[in-house]
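In what follows, a single structure is set out as structure tokens and then discussed.
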Amino acid sequence: MYPQSRMQRYRTTETIRRMLCETSVTADDLILPVFVIPGHARQESINAMPGVERLSVDLLASWSKDVLCHAVLIFGVPDENEKKEDASQAIAEGGLVPQAIAAIKTARPDITVITDICLCAYTSHGHCGVLCADSSVDNDRTLEMLARMSEVHAAAGADMVAPSGMMDGQVAAIRERLEKSGFHKTSIMAYAAKYASCFYGPFRDAAHSAPSFGDRRSYQIAPANRRQALRDALLDEAEGADWLMVKPAMPYLDVLSELRRETTLPLAAYQVSGEYAMLKQASKAGAFDERSAVLESITCIKRAGADVIITYYANDICEWLRQDADKR
Ligand code: PBG
């Protein structure tokens, strides 16, 4: 008790504070998302996400030369006229994402390439699966598409596939297909606990993937639920996921920390588009220093249990960490 115990003794000098640092973030912990569009020399800004752009495949080689972290997550964003009821472009062998994988791997073979596996950017209606006659999502028919999409990405050179559609059985269906076609080394990073969150708003603008009717509450988890998220995540583990993910990150740190205690699998957390937009806009408005706020947010996500963090700030963070290292 006080005065024998004084916690401030641990905080007296910079060196002592650094000795006692329990969580540090490095470039190895970060994954940078990228939005890929068809065409040539196309570079489009995204309204709610200043600093993030959609890029055509031909620009990826030079883009990837500037990537400072070691892993990227690819989202394909086809043009409106390529979106179909049956999401056929999602499984096209020479499609947007296979081209993007090749472009990045050619320019930077050292970068680990992860691809998002979901139909929402490829369906004309914007839902994450193909539809039944009553317009609800047909879970079981969607599994075949997700398995094929994963196989196509693996064949194009993806190191990991990240199924994000929250279809039941998607991890098992994908693992089975990858094994059958010989892609034993392709990992599955499962968006295991993915919430029906309004924090995806800017992403849906970025990926042109907002549902044209209804919402995603019949397949994504309700924000109020924690036990259900743990069960959903542990089912993905049982189905053969190599990694589990919690998404969004900051408002769901309790889920992340509890999942950390329930599994020995590595965990990812996704600092989503809305979190990026909040940090960006609040910094622009002078509410706080951007760099301090972003580094604090990432440190806290890691402290809560994430091994890796997917963030649109990945490159900026690497740059800031380099500057800090140069100063010491
Ligand atoms: C695809 C998908 C979404 C995100 C990642 N994969 C959107 C959604 O579920 O509506 C969101 C990422 C972000 O907001 O940054 N289903």
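Treating only the Cα positions of segment 149-299 as identical point scatterers, give the base-10 log of I(q)/I(0) from the Debye formula at each q in 0.15 Å⁻¹.
-0.86
Place a label point 7 angstrom from the Cα of Gln281 along the Cα-to-Cβ direction, then list the residues of segment 178-214 whose backbone nitrogen is under 20 Å away.
Answer for this model: 196-211.
Given an 8 Å cut-off on Cα distances and at least 6 residues of separation, report the relative contact order of segment 114-238 as a percent. Please report the intermediate quantities before stating the final value.
Values: 185 pairs, mean separation 33.0, N = 125.
It rounds to 26 percent for segment 114-238.
Using only Cα atoms and rounding to the nearest 10 degrees, what angle (0 to 90) does helix 170-180 make with the longest principal axis of the chain?
70
Under a GNM of the chain (C-alpha, springs under 10 Å), which listed residue has the highest mean-square fluctuation: Ser135, Ser197, Ser88?
Ser135
Rounded to the nearest 20 debye, what is the charge dipole size of segment 174-328 about its Cα centre when +1 sits on each Lys and Arg Cβ and -1 on each Asp and Glu Cβ? Working shown, then result.
On the way: 22 positive and 21 negative charges, 25 e Å.
I would put it at about 120 debye.
Take every DSSP beta bridge whose two residues both sit in the chain, then give the antiparallel share in percent to the nearest 5. Walk me through the numbers before you get to the answer.
On the way: 4 of 38 bridges.
Here the antiparallel bridges make up roughly 10 percent for the chain.
What is the helix-to-structure angle for 314-327, meaning the angle in degrees between its Cα long axis and the longest Cα principal axis of the chain, kept from 0 to 90 and rounded to the nearest 10?
Around 30 degrees separate the two axes.
What is the angle, in °, between the Cα long axis of helix 96-107 and the longest principal axis of the Cα atoms in the chain? Nearest 10 is fine, range 0 to 90.
So the helix axis and the longest Cα principal axis differ by about 50 degrees.
Whole number please: convex hull volume per residue, Cα atoms of segment 1-99, in Å³. Mind showing how you got there, number by number?
On the way: hull volume 20.6 nm³, N = 99.
Enclosed volume per residue, from the Cα hull, is 208 Å³.
Let me know the shape class of segment 252-328, please: from the alpha-carbon gyration tensor, a ≥ b ≥ c as square roots of the eigenvalues, rounded when a/c is under 1.5, otherwise prolate if a/b is greater than b/c, or oblate.
Oblate shape, in that a/c is at least 1.5 and b/c is the bigger or equal ratio.
Tally the DSSP beta bridges in segment 127-278 and give the antiparallel ones as a percent, rounded to 5.
Working: 1 of 11 bridges.
If we restrict to bridges inside segment 127-278, about 10 percent are antiparallel.
On the principal axes of its Cα set, how long, how wide and how thick is the chain? Give whole Å, largest value first.
Sorted largest first, the three principal extents are 71, 44, 40 Å.
Near Lys185, which lysines are there with a Cα under 19 Å away, not counting those fewer than 8 places off in the same chain?
Those lysines meeting the cut-off are Lys105.
How do 277-284, 27-34 rank on mean C-beta neighbours within 10 Å, highest first? Write out the running numbers ahead of the final one.
Working: 277-284: 16.5, 27-34: 19.9.
Sorting 277-284, 27-34 by mean packing, highest first, produces 27-34, 277-284.
If each residue of separation counts as 0.36 nm, what is the full-extension length gain between Thr23 and Ser181 once their alpha-carbon separation is subtracted?
Gain on extension, Thr23 to Ser181, equals 52.9 nm.
Mind listing the phi-derived Karplus ³J(HN,Hα) values for segment 280-291, rounded to whole Hz, using 6.51, -1.76 and 1.60 with θ = phi - 60°, and x for any glycine or proline?
Calculated HN-Hα couplings, in order: 5, 5, 5, 5, 4, 7, x, 5, 7, 7, 4, 4 Hz.
I want the antiparallel fraction of DSSP beta bridges within segment 1-72, as a percent rounded to 5.
On the way: 3 of 8 bridges.
Taking every DSSP beta bridge with both residues in segment 1-72, the antiparallel ones total about 40 percent.
Each reported figure results from applying straightforward, stated rules to the coordinates on display, with no laboratory input. From a predicted model like this one, the values you see are computed outputs, not experimental measurements. In this analysis, Cβ positions are derived from the backbone assuming ideal geometry, glycine residues included, and neighbour counts consider all displayed protein chains.
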